[in-house]
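Since the structure comes first, as structure tokens, the remarks are kept for the end.
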Amino acid sequence: MESMQPTSSRIPRLTWLAIVLLSFSGQLAWGVENQYFNTFMYDNIAPNPRAISWMVAASALTATLTTILMGALSDRTRSRWGKRRPFILVGYLAWGIFTATFPAAALLRPVTLAIGMAILFDCVMTFFGSTANDAALNAYITDVSTLDNRGRVMGVVQILTWLAMLIVYGASGLMIQAWGYFTFFYVIGGLVFVLGLIGGLAVREQPAVEPPGRSYWGQIADTFRGHNLAANRDLFLLLLTLAVYGIAEQVFFPYLIIYLNHYLKLPTLQASLLIFVCILVGGIALAYPFGLLADRIGRKRLAVAAILLKMIGLLLFAQMRSVIPLAATGIVWLAGMSAWAISTGAWTKDLYPEDKRGQFAGYFILFTVLFTMVPGPLIGGWLASTYGIPTVLNGQAGFIPTPLIFQVAGVATLLAAIPLFWVKERRR
């Protein structure tokens with residue numbers, strides 16, 4: 001087994017450049033896909049929450065299979081261009097192109113065809129994004145970080161995630177209002193393409209010289225043998241915890257903008273300012289301190305605090321109707337999200353088997369995307385359709401989600417503490 005572990009906790013500047021550009025552009029693309037693909041479907045194709053849940057489920061399945069298979073392939077790659085670099089570079093370029101093409105689905109008729117093509121476009125985009133970001137980049141970050149600095153690295157990554165979200169949620173509504181959806185998707189796709197090109201070229205790797213010890217399919221199958229499951233007990237328990245937490249999050253998250261616009265009837269400018277403030281304070285300002293805490297007090301303590309913050313924030317958010325109280329409670333649950341992502345992101349990377357980091361990045365997606373983004377939005381869509389407010393938008397019948405989705409999500413978040421109790425940390 002060849003070692004990809006760096007011998008120093010210092011990360012070179014060029015590597016930081018790659019991490020920064022690729023993390024930011026990747027989260028920008030995922031943020032648009034996770035929220036504005038849904039909003040575009042609702043506003044321009046059909047105001048049907050269940051159509052959104054179908055698209056989210058298909059995308060989640062695509063992301064999971066892609067990350068496991070392409071991640072395992074990146075573990076085995078031996079080339080003069082690097083181990084992860086080819087997947088990152090090609091994947092980001094294609095990711096930008098297919099992000100820009102998504103709104104073309106709305107031009108098709110009948111509506112059922114438009115829905116089907118939107119789901120297909122989303123899945124193609126997801127294939128390239130998961131190859132580049134979920135599989136190769138996540139494995140690369142694990143390769144170049146250590147147990148001593150991984151919390152700080154994940155803190156920086158989380159800052160970039162929230163910076164991307166700040167653009168997606170805080171500025172995108174204004175961009176769409178000014179330019180329209182088509183130009184908006186062209187701009188986002190172009191940014192992903194350019195930043196992915198620069199970041200991909202900046203990737204530097206230690207050479208992997210030893211050949212893989214088993215066949216491709218043997219490497220994947222070996223993970224599920226009894227001795228390997230036992231050896232990775234803490235990792236799989238942590239992944240189960242992430243799945244429980246993620247299901248609760250996906251009950252409300254795909255419908256957040258729809259809730260603000262259609263239930264609370266916030267004008268676009270107010271909704272954008274609300275999200276801007278929540279992300280700026282709850283996300284960006286607290287992310288690096290949370291990263292330092294993850295390295296100093298441990299991943300588990302921070303994760304427990306994150307669960308409590310998220311639950312309290314969501315339950316309070318559901319009660320608010322005006323902008324300032326919504327911002328205050330939104331900051332609380334966003335801080336919980338940030339602390340959770342940093343602590344568990346570093347924790348899972350600590351526990352990855354060294355020779356299967358790309359493949360296990362796929363299992364991370366299995367538990368955090370497929371196992372969450374299929375049942376979570378379906379539960380949220382069912383709650384919105386069953387207990388929501390009937391509406392008609394652009395001649396199409398639909399439902400407006402109510403505060404119930406945040407209340408259910410808040411209570412469900414607490415369930416993640418049950419499997420978390422049994423997970424052990426890897427100490428420095």
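Which of Ser322, Gly196, Val281 sits closest to the plus end of the dipole of the chain, meaning its Cα is farthest towards the positive end, when Lys and Arg get +1 and Asp and Glu get -1 on the C-beta? Of Ser322, Gly196, Val281, it is Val281. In this calculation the C-beta distance from Thr391 to Asn44 is compared with R0 = 25 Å, giving a FRET efficiency of 0.95.
Of the residues His262, His227, the one with the fewest other Cβ atoms within 10 Å heads the list, and the complete ranking is His227, His262. By the Cα gyration tensor, the stretch 126-283 has an equivalent ellipsoid whose semi-axes, rounded to whole angstrom, run 36, 22, 16 from largest to smallest.
Could you pull out the trypsin sites (Lys or Arg not before Pro) across the stretch 44-144 that fall in loop regions by DSSP (anything but H, G, I, E, B) with no more than 16 other Cβ atoms inside 10 Å?
Arg78, Arg80
Taking Cα centre as origin and charging only the Cβ of basic (Lys, Arg, +1) and acidic (Asp, Glu, -1) residues, the dipole magnitude of the chain rounds to 700 debye.
Taking the C-alpha atoms only, the angle from helix 286-296 to the longest principal axis of the chain is near 30 degrees.
Given their separation in residues at 0.36 nm each and the Cα-Cα distance between them, Ile97 and Arg204 gain 36.1 nm when the chain is fully extended.
Taking chymotrypsin sites (Phe, Trp or Tyr not before Pro) across the stretch 267-331, none is in a DSSP loop with at most 13 further Cβ atoms lying within 10 angstrom of its Cβ.
To test your reading of the geometry: what angle, between 0 and 90 degrees and rounded to tens, separates the Cα axis of helix 85-101 from the longest principal axis of the chain? Result, in degrees: 10.
Axis angle, to the nearest 10 degrees, between helix 323-351 and the longest C-alpha principal axis of the chain: 20 degrees. Note on the stretch 348-428: Rg/Rh from Cα positions, Kirkwood definition for Rh, rounded to two decimals, is 1.17. The simple spin-label model puts a point 7 Å past each Cα toward its Cβ; for Glu354 and Trp81 those points are separated by 2.8 nm.
Dipole of the stretch 74-140 computed with +1 at Lys/Arg Cβ and -1 at Asp/Glu Cβ about the Cα centre; of Thr101, Ser130, Ser79, farthest Cα towards the positive end is Ser79.
For the residues Tyr363, Tyr255, Tyr216, a GNM of the chain with alpha-carbon springs under 10 Å puts the largest fluctuation on Tyr216.
Extension gain, Ala230 to Lys424: 0.36 nm times the residue separation minus the Cα-Cα distance gives 68.5 nm.
When only alpha carbons are used to place a centre, the stretch 227-297 and the stretch 313-387 end up 4 Å from one another. Computed over the chain, the per-residue total of -39500 (n - 2.57) for DSSP H runs of n ≥ 4 gives a 222 nm mean residue ellipticity of -21000 deg cm²/dmol, rounded to 500.
Computed from the coordinates by the stated procedures, all read-outs in this text should not be read as laboratory data. On a predicted model such as this, the values are computed, not experimentally measured, just so you know. Cβ: placed from backbone, ideal geometry, glycine included. Neighbour counts: every protein chain shown.
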